[in-house]
1. In region 30-110, if every C-alpha pair distance is counted and binned at 5 Å from zero, what percent goes to each bin?
2. From Cα pairs below 8 angstrom and at least 6 apart in sequence, can you work out the relative contact order of region 1-106, rounded to a whole percent?
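Values in this text are rule-based calculations from the coordinates and carry no lab data. Since we're looking at a predicted model, the values are computed, not measured.
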């Protein structure tokens with residue numbers, strides 16, 4: 001009978017943890033807690049800034065783990081367990097900040113004004129209004145590029161331009177000159193007058 005080399009083979013060795021149970025090693029020390037809180041605040045603040053500016057976050061676990069080794073070494077050395085505590089506290093601070101940044105706007109949309117039962121945040125935080133104003137306001141970025149490409153294709157399909165490139169130039173001119181924003185303002189006046 002042939003043995004399949006791809007099949008898992010039984011392991012004769014017993015698992016040995018890196019830090020065994022009987023070892024007495026520093027772990028939850030004031031130094032580790034303070035460094036972890038510092039990194040939690042630092043990466044939490046940078047997460048809030050990045051989330052509000054770009055709408056995304058990055059994980060702080062690995063950067064905090066690497067930085068904790070360097071910082072704790074400068075503070076007189078550390079154990080692997082102290083580094084683990086720093087990484088855990090620092091990463092938790094970043095995660096909490098991320099959760100707050102992406103949750104609070106949702107609460108603003110859900111909160112209702114007492115008498116009218118209308119959303120408090122709706123007039124200020126409407127995604128479609130913000131998106132449209134950002135694109136028509138000429139803010140450079142991927143949203144504007146997508147709108148320009150779609151507008152160029154529509155202009156080409158409607159026969160308003162001979163090529164996609166010509167349609168792209170027309171769409172760009174409409175946004176940059178403010179003509180598209182002017183049309184939006186007219187549309188707002190018409191839709192607001194009809195209640």
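1. P(r) over region 30-110, rounded to whole percents: 3, 18, 25, 18, 14, 10, 6, 3, 2, 1.
2. Working: 105 pairs, mean separation 41.3, N = 106.
With pairs under 8 Å counted, the relative contact order is 39 percent.
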